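> First the structure, then my questions, so here it is.
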Amino acid sequence: MTRVQTYLEDAVLCAAERLERGSLDRRRVLQLGALLGLAGVGSAGSAQAAAKEIVFAMWGGDAENAYRKAWCEPYTKKSGIPVVLDGSGPSPGRARAMVQSKNVTWDILDGGVGTQASLGKLGVLEEIDYSVFDRAKTLPGLDYKWGASVFLYGSVLAYDTKALGGKQPESWADFFDVKKFPGKRVMYKYMAGALEAALLADGVPLDKLYPLDVDRGLEKIKSIKEHLVLWDTGASSQQVFRDGEVVMGQIWHTRANLLEQETKGRVKYTFNGGLLHPGVMSVMKDNPAGKKLAMEFLASMQDPAGQIELLKLLGNGPANPAAEGQYDPALAARNPAHPDNRKLMVVQNGDWYAENIIPVSKRFLDTVAS
């Protein structure tokens, strides 16, 4: 089965090569264990015997530098407790295997709305303690049972103004109008956002999308399948624009930002009808640091200053409403969490994706390939 690249893996590839590497420590032992397929390396007794620390499993790359600056260093300075970043990739399979084997080495898991719902139901994650992680410091509706929302990103409509002869698509209805806007389009191979775009184009109101009408959405996608190509990594979504293979596409907003910058505005994008993805962090069941300490660390990530730092470094929008008005106004235009942009978008429904992503993704691929 093909491995799906996550947004967070791609966000770090948008940045420059990793800037900082530490000396041999628990993180590197865990990474070595991951490379060797040994879930228990550095775990169990060694984890319990280690000095009090928090191990934060995330997707590596330059996000390590960003997370360190935005969240880890401020927390350690205040609490005296070190945060160790394990950038080997917190895949759901590894998380589940750790809990099942009682060799849990991670405390915090960097996941998504679907991941928190599916792993939570399997007993892999602790429920978020909202007496510690403040609901008032996250946007309404983003308080998930097993996931704490600390940033947002978006899947948006990007388009090449030169290839379209100056015409400007404004909605997903334009994306599906191959007569008015001829040329190839690109969509995400793993479907997240594709059905939402199709249903919006077919007249479903933004606030009536979920539960998604899969049959209707796939029928709409089928109507333009001869004009579709698929991307599977953020880099490939950017490259098809560079190569002139497509005139428009549904891509992550961070890649759209890069395209707009490198083409000096020839490629533009709109948040209108975009899918807003919450970036959520979860706490592993039976984690070495303990639930209380892990929840306190999550609560520290609600600090507006840290979330704004992440916006500057990676382009991720702050989830804490208090961050508004505290950052350079120039960042607002590319921040999916800004009120002016957020009102144009729909929040990804984690429960729907947790229940449907595997079978519906297969149907989506069958539709575009048939």
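The values are calculated or read from the model by the stated rules, or taken from the named source; none is laboratory data. Treat the numbers as computed from the prediction; the structure is a model and nothing was measured. Glycine gets a Cβ as well: all are built from the backbone with ideal geometry, and neighbour counts include every protein chain shown. Surface areas here come from the heavy atoms of the whole protein model, side chains and all, with no ligands, DNA or RNA. Shrake-Rupley method; radii C 1.70, N 1.55, O 1.52, S 1.80 Å.
> So which aspartates and glutamates can residue 285 reach, going by Cα to Cα under 19 Å and dropping same-chain residues fewer than 8 places off?
53, 86, 107, 110, 126, 127, 129, 143, 296
> Counting trypsin sites (Lys or Arg not before Pro) as exposed when in a DSSP loop with at most 16 other beta carbons within 10 Å, what is the longest stretch of the chain free of them?
Details: sites that count: 3, 18, 21, 52, 102, 145, 162, 167, 179, 180, 264, 266, 343.
So the longest stretch without any such site is 181-263.
> Also, quick follow-up: Go ahead and estimate [θ] at 222 nm for the chain from helices alone: -39,500 (n - 2.57) per DSSP H run with n ≥ 4, summed, over the residue count, rounded to 500. It would help to have the intermediate numbers written out before the result.
Numbers: 16 runs with 140 residues, N = 370.
Helix-only estimate at 222 nm: -10500 deg cm²/dmol.
> Name the most mobile residue of 302, 250, 168, meaning the one with the largest mean-square fluctuation, in a Gaussian network model of the chain with Cα contacts below 10 Å.
168
> Same structure, new question: In µm²/s, what is D for segment 137-263 at 25 °C and 0.890 mPa s, where D = kT/(6 pi eta Rh) by Stokes-Einstein and Rh is the Kirkwood radius from Cα pairs?
On the way: Rh = 15.6 Å.
For the chosen part, D equals 158 µm²/s.
> Give the aspartates and glutamates whose C-alpha is closer than 14 Å to that of residue 312, dropping any in the same chain fewer than 8 places away, or say none.
62, 324, 328
> Between residue 369 and residue 286, what length comes free when the chain is fully extended (0.36 nm per residue of separation minus the Cα-Cα distance, one decimal in nm)? Before the final figure, lay out each step's value.
Details: separation 83, 0.36 × 83 = 29.88 nm, distance 4.34 nm.
Between residue 369 and residue 286, full extension yields 25.5 nm more.
> Here's another thing I want to ask about it. What number comes out for the charge environment of residue 78, summing +1 per Lys or Arg and -1 per Asp or Glu over other residues with Cβ under 12 Å away? Show your work: numbers first, answer last.
Values: positive: 77; negative: 73, 296, 303.
Surrounding charge for residue 78 is -2.
> Then there is this: Nearest-5 percent of antiparallel DSSP beta bridges in the chain? List each step's numbers first, then the result.
On the way: 23 of 37 bridges.
Close to 60 percent.
> May I pose another question? Can you tell me the 0 to 90 degree angle between the C-alpha axis of helix 26-36 and the longest principal axis of the chain, rounded to 10?
Orientation of helix 26-36: about 60 degrees from the principal axis.
> Relative contact order (percent) for segment 153-280, with alpha-carbon contacts under 8 angstrom and 6 or more residues of separation?
Working: 207 pairs, mean separation 60.1, N = 128.
With pairs under 8 Å counted, the relative contact order is 47 percent.
> Just to make sure I understand: if all protein chains stay in place, what is the order of 358, 224 by accessible area at 1.4 Å, largest first? Mind showing how you got there, number by number?
Details: 358 130, 224 0 Å².
The ranking, largest first, comes out as 358, 224.
> Per residue, how big is the convex hull of segment 257-355 when only Cα atoms are used? Give it in Å³. Kindly include the intermediate steps, with their values, before the conclusion.
On the way: hull volume 13.6 nm³, N = 99.
Considering the Cα atoms of segment 257-355, their hull volume per residue is 137 Å³.
> Setting aside same-chain residues fewer than 8 positions from residue 167, which aspartates and glutamates have a Cα under 17 Å from its Cα?
Partners within reach: 177, 260.
> Mind checking Rg over Rh on the chain, alpha carbons, Kirkwood formula for Rh? It would help to have the intermediate numbers written out before the result.
Details: Rg = 20.5 Å, Rh = 21.2 Å.
With Rg and the Kirkwood Rh in hand, the quotient comes to 0.97.
> Could you please state, rounded to a whole Å, how far the C-alpha centre of segment 131-163 is from the C-alpha centre of segment 186-217?
One Cα centre to the other: 18 Å.
> How big, on average over all directions, is the shadow cast by the Cα convex hull of segment 48-148, in nm²? Kindly include the intermediate steps, with their values, before the conclusion.
Numbers: hull surface 29.0 nm².
The orientation-averaged projected area of the Cα hull of segment 48-148 comes to 7.2 nm².
> If eta is 0.890 mPa s and T is 25 °C, what Stokes-Einstein diffusion coefficient results for segment 69-204, Kirkwood Rh from Cα pairs, in µm²/s?
Working: Rh = 18.9 Å.
D = 130 µm²/s.
> Give the relative contact order (percent, whole number) for the chain; include only Cα pairs under 8 Å separated by 6+ residues. List each step's numbers first, then the result.
Numbers: 675 pairs, mean separation 88.9, N = 370.
Computed over the chain, the figure is 24 percent.
> Kindly express, to the nearest 10 degrees and within the range 0 to 90, the angle between helix 304-314's C-alpha long axis and the longest C-alpha principal axis of the chain.
With rounding to tens, the tilt is 60 degrees.
> Taking amide hydrogens as modeled 1.01 Å from N in the peptide plane, which residues meet the under 5 Å criterion relative to residue 186, leaving out close sequence neighbours?
229, 248, 249, 250
> Between their Cα atoms, which of 184/268; 189/220; 77/102 are more than 27 Å away from each other? Show your work: numbers first, answer last.
Numbers: 184/268 16 Å; 189/220 16 Å; 77/102 31 Å.
Distance filter (> 27 Å) returns 77/102.
> Would you mind working out the magnitude of the charge dipole of segment 88-128 relative to its Cα centre, with +1 at each Lys and Arg C-beta and -1 at each Asp and Glu C-beta, to the nearest 20 Debye?
220
> For the chain, build the charge dipole from Cβ charges (+1 Lys, Arg; -1 Asp, Glu) around the Cα centre, then report which of 111, 87, 311 sits farthest towards its positive end.
87
> By how many nm would the segment from residue 121 to residue 179 grow when fully extended, if each residue of separation counts as 0.36 nm and the alpha-carbon distance is taken off? Could the numbers behind the result be given before it?
Details: separation 58, 0.36 × 58 = 20.88 nm, distance 4.56 nm.
So the chain would gain 16.3 nm between residue 121 and residue 179.
> Now for a separate question. Over segment 289-370, with every protein chain in place, what whole percent of the accessible area is carbon and sulfur at 1.4 Å, could you tell me?
Values: 1970 of 3590 Å².
That fraction is 55 percent.
> Quick check for you: with a 1.4 Å probe and neighbouring chains kept, what is the accessible area per residue of segment 96-223, in Å²?
On the way: 5160 Å² over 128 residues.
Value returned for segment 96-223: 40 Å² of accessible area per residue.
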